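Asks: What follows is a structure written as structure tokens; I'll ask about it next.
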Amino acid sequence: MEQEKKKILEAIASGHLTSEEGFQALQALERSEKINATVENGEYKQESLVATVGRVLEKAVQKLKEIDLDFNFGEAVHVTEEHTVEREIKNVKVNVSNGSITFQPRSDRKVKIFCDASVYGEKEESSARSKVAEALRVVEEDGSLRIALKNRKIKANMTIELPTHVYESLEAHTYNGKIENTSCDVANLKFKTVNGSIFLKGINGENIEAETINGKVQVDRCFGDVCEVETINGKIDMQGSYNKTDLQTTSGKITYQLNEPLTGELRCKSEAGKICVTLPRGMNIEGEVETMFGGMSCKLDKMEIIKEKKEVVKKEIHFTTKDVTEHRLTIDVETTAGSIEVVHPNN
């Protein structure tokens, strides 16, 4: 629960939650921790943890969903701005207070930055354009590109078109908006939004970190070494191949599909959501699967159960598969109030 507490504190610090709302959310998290401890000690009480988790996040999540309305009040003037960077760029960092961020590949050697802005509190295009020009910062230095627009009264949807090659790092942060990267290869990627989804598709690289408080995360056909995904309120949908994968959500479903055998580690955790894991044949798999209040289905070829527990409030399986292969995958799948499914394709 420490990560959930950290995110609530960050939301308070950024002004997205009042101190009272944040305090209530933290209290509810502490209550859910006590329920977990009670269940583990065998003193089960009738109150469902699903309802508890729902109450933990209900007010906080509703407030996050209203961020767009909080930011965008009154009339707005729409303006656009474009920047071009002709030097070779290896690192890109984008920081926007209010708006989405999209990375796309382009065929030539120029970096193109498109800012599609709605300026609130202004009535004339000239004054709105001046506001954007004052707020938008585009700085290129020693192969690094920094883009920032931190005026919350400007909803700025940023599109960054990048020449096709492998970048050292891509970082993006927004409080209110989605973040997307389609086919821009990067060694180290770090995306973070408070209220919005994250979408990654067709990326080759080493490390991925994707984090949101309120929104879903989708990773589609991406490949690399380490993938870490975390959300408080939202589902996680991943299809890709990483040696180490860590997927966590407090309230949401996790769907994970591995298409090719590999050697590595997989960890999936949800407090109040179903977890579906689909694994290819041709691997030795050692797994620990646990749920307190949900069902469990593990159907893998050549599976041997090492340890199994089937109690009213806790189900647990420790298993291994025996296949003639060099690939070995260790999986740890856990949910408190959801069901778990671990299968091969077409099972």
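The values are calculated or read from the model by the stated rules, or taken from the named source; none is laboratory data. This is a predicted model, so every value here is computed, not measured. Quick reminder, even Gly has a Cβ in these numbers, built from the backbone with ideal geometry, and neighbours come from all protein chains shown.
Asks: Within the stretch 195-217, does at least one residue satisfy the condition of being buried (at least 20 other Cβ atoms within 10 Å of the Cβ), in contact (Cβ under 8 Å) with a residue 40 or more places away in the chain and not in a strand (DSSP E or B)?
Replies: Yes, the conditions are met somewhere in the stretch 195-217.
Asks: While we're here: Is it the case that some residue within the stretch 112-125 is touching a Lys or Arg at 6+ places or on another chain (Cβ under 7 Å), under 26 Å from residue 185 (Cβ atoms) and either surrounded by fewer than 19 Cβ atoms within 10 Å (Cβ to Cβ) or among the aliphatic types (A, V, I, L, M) (or both)?
Replies: Yes, the stretch 112-125 has at least one match.
Asks: Can you find even one residue in the stretch 249-261 that is in a strand (DSSP E or B), hydroxyl-bearing (Ser, Thr, Tyr), over 12 Å from the mean Cα position of the chain (by Cα) and surrounded by fewer than 21 Cβ atoms within 10 Å (Cβ to Cβ)?
Replies: The answer is yes; a qualifying residue exists.
Asks: Picking from 326, 334, which residue would you name as being among the charged types (D, E, K, R) and either modelled with pLDDT of 95 or more or in contact with a strand residue (DSSP E or B) (Cβ under 6 Å, 6 or more places away or on another chain) (or both)? Working first, answer last.
Replies: Details: 326 fails: either modelled with pLDDT of 95 or more or in contact with a strand residue (DSSP E or B) (Cβ under 6 Å, 6 or more places away or on another chain) (or both).
From the options 326, 334, the qualifying one is 334.
Asks: Just checking, how many residues over the stretch 296-319 are more than 22 Å from residue 254 (Cα to Cα) and either in a strand (DSSP E or B) or of a type in the set (A, V, I, L, M) (or both)?
Replies: 9
Asks: Restricting attention to the stretch 181-190, which residues are assigned to a strand (DSSP E or B) and without any contact (Cβ under 8 Å) to a residue 40 or more places away in the chain?
Replies: Listed by number, the residues that qualify are 186, 187, 188, 189, 190.
Asks: Between 79, 139, 96, which is at pLDDT 95 or above, within 29 Å of the chain's Cα centre (by Cα), surrounded by 15 or more Cβ atoms within 10 Å (Cβ to Cβ) and not charged (D, E, K, R)?
Replies: One residue alone meets the criteria, 96.
So that you can scan it fast, the table gives a plain yes or no per residue for (1) more than 25 Å from residue 161 (Cα to Cα); (2) at pLDDT 95 or above; (3) of a type outside the set (Lys, Arg); (4) not assigned by TED's automatic domain parsing to the domain that holds residue 319:
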position	(1), (2), (3), (4)
204	no, no, yes, no
209	no, yes, yes, no
213	yes, no, yes, no
229	no, yes, yes, no
233	yes, no, yes, no
239	no, yes, yes, no
255	yes, yes, yes, no
266	yes, yes, yes, no
288	yes, yes, yes, no
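Asks: Could you identify the single residue in 155, 123 that is assigned to a loop (DSSP other than H, G, I, E, B), of a type outside the set (A, V, I, L, M, F, W, C) and in contact (Cβ under 8 Å) with a residue 40 or more places away in the chain?
Replies: 123
Asks: Quick check, is residue 162 farther than 27 Å from residue 76 by Cβ and crowded, with 19+ Cβ neighbours inside 10 Å?
Replies: On the way: farther than 27 Å from residue 76 by Cβ: yes; crowded, with 19+ Cβ neighbours inside 10 Å: yes.
The answer is yes for residue 162.
Asks: While we're here: For the stretch 268-282, which positions are modelled with pLDDT of 95 or more, surrounded by 22 or more Cβ atoms within 10 Å (Cβ to Cβ) and outside any strand (DSSP E or B)?
Replies: Answer for the stretch 268-282, where residues must be modelled with pLDDT of 95 or more, surrounded by 22 or more Cβ atoms within 10 Å (Cβ to Cβ) and outside any strand (DSSP E or B): just 279.
Asks: Here is a list of conditions, (1) of a type in the set (A, V, I, L, M, F, W, C); (2) surrounded by 17 or more Cβ atoms within 10 Å (Cβ to Cβ); (3) in a strand (DSSP E or B), and residue 293 meets all of them except one; can you say which number that is?
Replies: Single failed check for residue 293: (3).
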